[in-house]
Amino acid sequence: MIRGKRCIAQAPKSERVDPAKLTSLAIPTPNGPVPLGSLGHVRDTLEYGVIWERDRQPTITVQADVRGDAQGIDVTRDIDHALTSVRATLPVGYRIDVGGAVEESVKGQTSINAEMPLMIIAVLTLLMIQLKNFARTFIVVLTAPLGLIGVVTALLLFGKPFGFVALLGVIAMFGIIMRNSVILVDQIDQDIAAGHARFDAIIGATVRRFRPIMLTAAAAVLALIPLLRSGFFGPMATALMGGITIATVLTVFFLPALYATCFKVRHDERGTQPVVVEHTEV
């Protein structure tokens, strides 16, 4: 039968209706036609019209959703733990894997862990270039973990999971906190270099920088409000808002005290001015 420019070879329609006649179909060979039934057995059975594969392996995907306030990551972990006994009884060649958002989160976490050492080295290098002192760099770095208090509180309060997206928010939060610390430490050093007593410089710099630091943090927190209802960016926005808010407040009190402790600034230095001795040569 010829259709257009294509040639299709088919058996007559009467021979294509009855499946039982499949065994009598002739297969051409160099030695003449051979019936299909002489090459094997033909039997009727059911099979999937489409075989879904994952990593070139036949796969059956089971999907589900959560109800109420349950978190998908927590439910997935509970189910995965409950399937431990089932995995032990599976035949050879069969396995149960976790996919979906949890799998993608693990992939993202792996990529971040691979680049984390390079990121830490780059941050410390930039801080050393700016501050030119190991002690000051140490002070700035120690303020970063203060944000974790706010992150945990905010995630628990709003019921958000700590996944890959929330981790990105925590990393960004560390940068914002250390930036505020660098500004405050630099202002203290400028006041000391200008001739102020060290204790007065710490207090004065903190008071003067309080409003700019708070306004900057407030602008960042308010800008994240529209993302709170987002299913994807919600955890990141929640982590950033809680971390920045708590860390900014704590930094204003923690960093000056830490600076005074590291450089052994005493309370009795307040109000004293450095004595300048001039030598005149005749």
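The values are calculated or read from the model by the stated rules, or taken from the named source; none is laboratory data. Treat the numbers as computed from the prediction; the structure is a model and nothing was measured. Using ideal geometry, Cβ is built from the backbone for each residue, glycine included, and neighbour counts are taken over all protein chains shown.
Some points to look at:
- Yes/no for Pro28 being modelled with pLDDT of 80 or more and out of contact with any strand residue (DSSP E or B) (no Cβ under 7 Å at 6 or more places or on another chain): yes
- Residue within segment 176-194 that is closer than 30 Å to Asp74 by Cβ and surrounded by fewer than 20 Cβ atoms within 10 Å (Cβ to Cβ) present: yes
- Odd one out for Arg67, checked against (1) within 23 Å of Phe158 (Cα to Cα); (2) surrounded by 11 or more Cβ atoms within 10 Å (Cβ to Cβ): (2)
Yes or no, residue by residue, for (1) under 19 Å from the mean Cα position of the chain (by Cα); (2) part of a helix (DSSP H, G or I); (3) modelled with pLDDT of 90 or more:
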| position | (1), (2), (3) |
| --- | --- |
| Ala114 | yes, yes, no |
| Pro117 | yes, yes, no |
| Val123 | yes, yes, no |
| Met128 | no, yes, no |
| Ile149 | yes, yes, yes |
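- Against the list (1) modelled with pLDDT of 85 or more; (2) more than 17 Å from Leu142 (Cβ to Cβ), the condition Val249 fails is (2).
- Matching residues in segment 190-215 - criterion: being touching a residue at least 24 places away in the same chain (Cβ under 8 Å) and in contact with a Lys or Arg (Cβ under 9 Å, 6 or more places away or on another chain): Ala197, Arg198, Phe199, Asp200, Ile203
- Whenever a residue of segment 1-29 is loosely packed, with under 10 Cβ neighbours inside 10 Å, its partners that are acidic (Asp, Glu) and at pLDDT 65 or above, lying with C-beta atoms within less than 9 angstrom and at least six residues away or across chains, give the pairs Pro19/Asp44.
- Qualifying residue in segment 43-57 (condition: at pLDDT 85 or above, over 30 Å from Phe233 (Cβ atoms) and assigned to a loop (DSSP other than H, G, I, E, B)): no
- The sole residue among Lys132, Lys160 that is charged (D, E, K, R), surrounded by fewer than 17 Cβ atoms within 10 Å (Cβ to Cβ) and either within 18 Å of Phe253 (Cβ to Cβ) or modelled with pLDDT under 90 (or both) is Lys132.
- Residues that are of a type in the set (A, V, I, L, M) and at pLDDT below 85 do not occur anywhere in segment 171-180.
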